[in-house]
1. For the full complex of protein chains and a 1.4 angstrom probe, list Phe96, Phe7 by accessible area with the highest value first.
2. To the nearest 20 Debye, how big is the dipole of region 22-177 about its Cα centre, given +1 on the beta carbon of each Lys and Arg and -1 on that of each Asp and Glu?
3. Computed from these coordinates, which is Cα extents along the principal axes in Å: (1) 61, 45, 37; (2) 81, 40, 35; (3) 75, 51, 47?
4. Per-residue ellipticity at 222 nm for the chain, helices alone: DSSP H runs ≥ 4 residues times -39500 (n - 2.57), over residue total, nearest 500 deg cm²/dmol?
5. Report the relative contact order of the chain, percent, no decimals, based on alpha-carbon pairs under 8 angstrom and at least 6 residues apart.
6. How much of the DSSP bridge set in region 19-161 is antiparallel, in percent, rounded to the nearest 5?
7. Treating the angle as unsigned and between 0 and 90°, give the value, to the nearest 10°, between the Cα long axis of helix 307-317 and the longest Cα principal axis of the chain.
8. So what's the angle, to the nearest 10 degrees on a 0 to 90 scale, between helix 237-259 and the longest Cα principal axis of the chain?
Amino acid sequence: MKYSRVFLDAITYELPAVVVTSHELEMRLGPVYQALRIPMGQLEALTGIIERRWWEPGFSVAQGAVAAARKAFAACRVDPKDIGVLIYAAVCREQFEPATACKVAAALGISPETIYDISNACLGVLNGIVDIANRIELGQVRAGLVVSCESAREINDTIIENMLQSRSMDTFKTSLATLTGGSGAVAVLVTDGSFGNRTRRRLLGGTTLAAPQHHALCRWGVDHVLNKARQFMFTDSVAVLKFGVDLGLRTWANFLSKLGWASEMVDKVICHQVGAGHRDAVLKALGIARDKEYSTYEFLGNIGTVSLPLTAALAEERDFLKPGDRVSLLGIGSGLNCLMLAVEW
């Protein structure tokens, strides 16, 4: 993937007001900790996550996506009528059909030529950016919008209930990743650079690799037990980290080769936000200094598709990302899939 006229004109976000600390979750799991003789504080110690945010019960994910999208339009000179494609890219959706993107478009009062959802675990937003970038290079559209909204409250409530029922170490291990989940929404406005916007983040290109043999390591879905639908989530955290880092290392080598870059030419990196162990392992394997990376997982947790673009937006707001920086967006998702993009800030 190489691009000559693709820009990220706006990266905006919406955060929930409800703050949930790791200590609060552990208090709910008190009987489990007591049965397994696990000391309080292990969730934060193992993940580095102090707190995360959740939407209020019953919150519509389309509503969160719309709020982020309105901020994107307010931040630049692109008019909603100029949007040629709208993509909703979250794991969480309103329902199986129609596409949640349709509800978002209706709420925004726009009718793009193309409206649909993309699903690819935590890589959805990056995949959406690539899809629109390809359409811009082909001359099909001048601008497109990727939106996403994730909600962790519901699956966490279900997992905590399961843990309280089983009180087993196996369930604790496979549920730990779920407890890192946060909530939030994001919008990325991708254009051909012809709208006269002041902020110009130029998308240079990227690369993607997959290791689908590991598709069963992290799963989120619906089981039917006694004629009742119930969400489940299972994560083999140790295996995901091991094979994810291996895939990331191969993708990084491919990424540098395709861009014609050396590792030292990368000024900043924004990684998918999972937790301290994942961050440290990835940076060490790729040979990236800690001071080149910006983290948000400590206070926002893992927000799936929202994590990476939201972290980039916050890093820019806080002057970590500066004009002229060569920035690598390092995305990885269950499946396993890895997608890395290069942006000149």
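1. Numbers: Phe96 210, Phe7 25 Å².
Order by accessible area, largest first: Phe96, Phe7.
2. Numbers: 15 positive and 18 negative charges, 47 e Å.
The dipole of region 22-177 has a size of about 220 debye.
3. Only one option fits the structure, namely (1).
4. Working: 12 runs with 128 residues, N = 345.
Value at 222 nm, helices only: -11000 deg cm²/dmol.
5. Working: 767 pairs, mean separation 86.5, N = 345.
Averaging sequence separation for qualifying contacts and normalising by length gives 25 percent for the chain.
6. On the way: 3 of 12 bridges.
Within region 19-161, antiparallel bridges account for around 25 percent of the total.
7. Between the helix axis and the principal axis of the chain, the angle is about 60 degrees.
8. Between the helix axis and the principal axis of the chain, the angle is about 10 degrees.
The values are calculated or read from the model by the stated rules, or taken from the named source; none is laboratory data. No experiment lies behind these values; they were computed from the predicted model shown. When we count neighbours, we look across all protein chains shown, and the Cβ atoms used for this are built from the backbone with ideal geometry, even at glycine. Areas reflect the complete protein model, heavy atoms only, side chains present, ligands, DNA and RNA absent. Shrake-Rupley method; radii C 1.70, N 1.55, O 1.52, S 1.80 Å.
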